[in-house]
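Beneath this line is the structure, given in structure tokens, with notes to follow.
The values are calculated or read from the model by the stated rules, or taken from the named source; none is laboratory data. Computed from a prediction, not measured in an experiment: that's the story for all the values here. Cβ atoms come from the backbone with ideal geometry, glycine included; neighbour counts cover every protein chain shown. Ligands, DNA and RNA are excluded from the accessible area calculation, which covers all protein heavy atoms including side chains. Shrake-Rupley method; radii C 1.70, N 1.55, O 1.52, S 1.80 Å.
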Amino acid sequence: MATLNEIEATYDYLDELFRLSLGPHGDFTGALFNGDFSKTLLEAQADKHEYILKGINFEPGDRILDVGSGWGPMLRAIKQAGGNAVGLTLSPAQAKWCEQAGLDARLQDWKTADRGSLGTFDGIVSVGAFEHFCSAEEYLAGWQDQIYQDFFAFCYDLLPAGGRLYLQTMLWGKVPDYEAISLKAPKYSDEWVVAHVKKIFPGSWLPQGFDHVVRTAEPRFKLISENNGRLDYIETLKRWGEEFYKPRLAKLLPVLKWGPRVVSNQDFRYQLLALYHGTVSEVFKREIFTHQRMVFEKRET
Ligand SMILES: C[S@@+](CC[C@H](N)C(=O)[O-])C[C@H]1O[C@@H](n2cnc3c(N)ncnc32)[C@H](O)[C@@H]1O
């Protein structure tokens, strides 16, 4: 799985700038346009929250776990809808941000949490975190299925029979040949683009398609509904890009703080380059990555 350092590399160093670009909800995953690109990003993110709550049969008063809660968009949406939400994150900057916003986000890996430490829940959501659960090294060691099975077992243990789990994740559309992924591959080739995206998400290897996730959820969970969000992700990235590159005085200080890191850290320079080239959007456009929203229900036995 992605280590604390790798999560920090993805989220903490770019934190302030992302926070200024993502909008007030702080959603850092694909929104729900459902093909209607006349929506604002804020509307599409709010529609996603509603879709998720409906998917897990949310009712006011419910206790919901958010595995990989980021800057707390679902924690906030659940609280506003009259629920009690507990989030887990590996990012200290995100945990601190949520605490200041009065949200219950814990700096804790789901792999070291259980029913004893967390209690039980009426529903679970995990939005854009599953893609971080298995590292490339773990994939190469043949552990990917076991990691996903462990995640579903963890969720199973916290839910009542019939309890719902909403899972949203990036997936491989085309699984690349691991050995060929290289920053030295021909410029703009699939392997070159994926190598740059890997710099943004170090320590993360994606599930190999939608069937892979459904298969590892069995026999604990049955799939209730699913919806592909690839085109919505491309649109979300476009909207983020427009905000990210908008010159704003508030961005000056965070950018200036990058200075020493740009000089001393080659990986950070690659991350900035990957953002500059729009490589994340490119992997979705080429269908190397895809994106899925899934609602699961805990089986009775
Ligand atoms: C792309 S962000 C998504 C954040 C949020 N769900 C949203 O929609 O904006 C991924 C989140 O997953 C968290 N994460 C990744 N692996 C995790 C793990 N093993 N346990 C807990 N959180 C994890 C990261 O810390 C980060 O908060």
> Over 29 Å between Cα atoms, which of Lys111/Lys222; Lys199/Lys285; Lys79/Lys174 qualify?
Replying inline: Lys79/Lys174
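Compute the accessible area per residue over the range 159-243, keeping the other protein chains in place, probe 1.4 Å, unit Å².
Numbers: 3650 Å² over 85 residues.
Value for the range 159-243: 43 Å² per residue.
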> R0 = 22 Å: FRET efficiency of Asp211 with Arg286, Cβ-based, nearest 0.05?
Replying inline: 0.60
>> For a quick check of understanding: with a 1.4 angstrom probe and all protein chains in place, what accessible area in square angstrom does His291 have, to the nearest ten?
In response: 0 Å²
> Can you list residues whose amide H is under 5 Å from Asp62's amide H, if they're 5+ apart or on another chain and H is modeled 1.01 Å from N?
Replying inline: Asn84
> Between their Cα atoms, which of Lys184/Lys238; Lys54/Lys96; Lys39/Lys187 are more than 32 Å away from each other?
Replying inline: Lys39/Lys187
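What does the C-alpha gyration tensor say about the overall shape of the range 37-85? Classify as rounded when a/c is under 1.5, otherwise prolate if a/b is larger than b/c, or oblate.
Prolate shape, in that a/c is at least 1.5 and a/b is the bigger ratio.
Calculate the all-directions average of the projected area of the range 135-219's alpha-carbon convex hull, and give it in nm².
The Cα convex hull of the range 135-219, projected and averaged over all directions, gives 6.3 nm².
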>> Rolling a 1.4 Å sphere over the protein heavy atoms, what is the accessible area per residue of the range 72-120, to the nearest Å²?
In response: 47 Å²
